[in-house]
Amino acid sequence: MPSQRHARTSFNAGRTHSFSPRSLACLRVNIMLMQQQTTTRHTSTGRLANQRHRARQIPYVLIVSLLAISLLPSIATAASFDCHNPTTRFEKTVCADPKLSAQDVVMTYRYEADLQLLSDQGKTFLRAGQQQWLKVVKILCLDSGKNANPASCMRRQYADRIDDLNNAVISLGPFVFSRVDNYTSIGKQEVTGRPLEQHTSLPRIDRPMSAQAVQWNAAIVRSAASARANWCFGDAQTPGDHSTRFKIRSATPDLINVEMLHTEQCAAGAPSQTMSNVSYLLKPALHRLRTEDLFKPGSGWETFLSNRASRVLNPDTFFADGINEGVRDPAAWSFTKAGLLISFNPGVADAIASGILEVTVPWTDLDRFFVPGAPIPRL
């Protein structure tokens, strides 16, 4: 992550403080973050008391922010550069845009903080993803000559990367998860010549590491490879933009449930999204979730779920078969605290234009159908 060396700051009375544009951006970010934290901590004391408290905190906020700026050179060591003498187009673009420079500061903080929380192997994966991201951003925003507003392109890429880094270390249940990112730019849009973008993100168990954790990490990679084979209707030769993002819905000693949201735009077609769940039982032996792992065979759970989904969605009769099949597919099941969330991809329960549809069935409504010891979240 690009960063830079900042102007020296003095706190002696009567001295002039010299700040680079990047330092001022950092100052604004720190003030904003600390004011938000102050507001959050004191909402219960009333608006007037909160305002007075923030007013008293401003000198402290400024001092801490300035200290953070002065320490930045030692914090941001991944790929530092000096905005007083930028040499590459990437450096010049970041330095010339205050918002982009502020985003770079935030990303640097987040990246370095994440590294401190990961195992050595987790650090390796995070660094590899960051290096890939830097290379692809240059291709997408700078090198092709097809982008009329490189700074705007980079701001979007920075925003996406910051969002990813905010989910780079996830503590859920008995596990700490890290992430594996694969960034590529393969092919160009046929009409405009714009470079295409592909990004796949996957979770991995960072700790505690065990034989089951190793197996689960490998299984997630295999599932992603299998899903990749279906991109652009299974035609590997069709160029397209692809993004696969994950959300860990549940993690217990018995089950890990991950939602995978895939967005693609193939050739000159319209963008589309599909949802798929990757759920593995960890005990007694690792295996992909089956219907009999959750529901008692012959208990009538299929009819119950079909009727509930139909009542909520009120679909045209044309989609009845799609709903009946959808509720039976464990890849459509997300394990949430509120209940079993069933996702129907576009065209399954309604017209494609309706997008992904969801129905949540409370766990208490399903109690009578569960097998003993069903791996559902326990509140």
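The values are calculated or read from the model by the stated rules, or taken from the named source; none is laboratory data. Quantities reported herein were computed from a predicted structural model and do not represent experimental measurements. Please note: Cβ atoms are built from the backbone with ideal geometry, for glycine as well, and neighbour counts cover all protein chains shown. For the accessible areas, the whole protein counts, side chains as well, though only heavy atoms, and no ligand, DNA or RNA atoms are used. Shrake-Rupley method; radii C 1.70, N 1.55, O 1.52, S 1.80 Å.
Taking segment 199-236 as the search range and keeping residues that are of a type in the set (V, I, T) and touching a residue at least 12 places away in the same chain (Cβ under 8 Å), which one is nearest to I186 (Cα to Cα)? For segment 199-236, the residue satisfying everything is T200.
S243 meets each of the listed conditions (1) of a type in the set (S, T, N, Q); (2) outside any helix (DSSP H, G or I); (3) open to solvent by less than 40 Å² (accessible area, probe 1.4 Å); (4) under 18 Å from A332 (Cα atoms) apart from (4). For segment 282-298, the set of residues classified as open to solvent by less than 80 Å² (accessible area, probe 1.4 Å) and among the acidic types (D, E) consists of D293 only. Every test in (1) closer than 30 Å to M209 by Cα; (2) open to solvent by less than 20 Å² (accessible area, probe 1.4 Å); (3) among the aromatic types (F, W, Y) is passed by W301 save one, and that test is (1).
Here S279 does not qualify as surrounded by fewer than 18 Cβ atoms within 10 Å (Cβ to Cβ) and at pLDDT 90 or above. Scanning segment 282-322 for residues that are hydrophobic (A, V, I, L, M, F, W, C) and more than 34 Å from the chain's Cα centre (by Cα) yields a single hit, F318. Identify, from the list I170, I139, I186, the residue that is closer than 18 Å to M260 by Cβ, touching a Pro at 6+ places or on another chain (Cβ under 9 Å) and surrounded by fewer than 20 Cβ atoms within 10 Å (Cβ to Cβ). The unique qualifying residue is I170.
Each residue in segment 106-119 was checked for being touching a Lys or Arg at 6+ places or on another chain (Cβ under 7 Å) and either among the aromatic types (F, W, Y) or assigned to a helix (DSSP H, G or I) (or both), and 2 of them qualify.
Would you mind stating whether F177 is open to solvent by 30 Å² or more (accessible area, probe 1.4 Å) and within 25 Å of A251 (Cβ to Cβ)? No, not satisfied. Looking at A374, A353, A338, just one residue is in contact (Cβ under 8 Å) with a residue 60 or more places away in the chain, within 31 Å of the chain's Cα centre (by Cα) and surrounded by fewer than 17 Cβ atoms within 10 Å (Cβ to Cβ), and that residue is A374.
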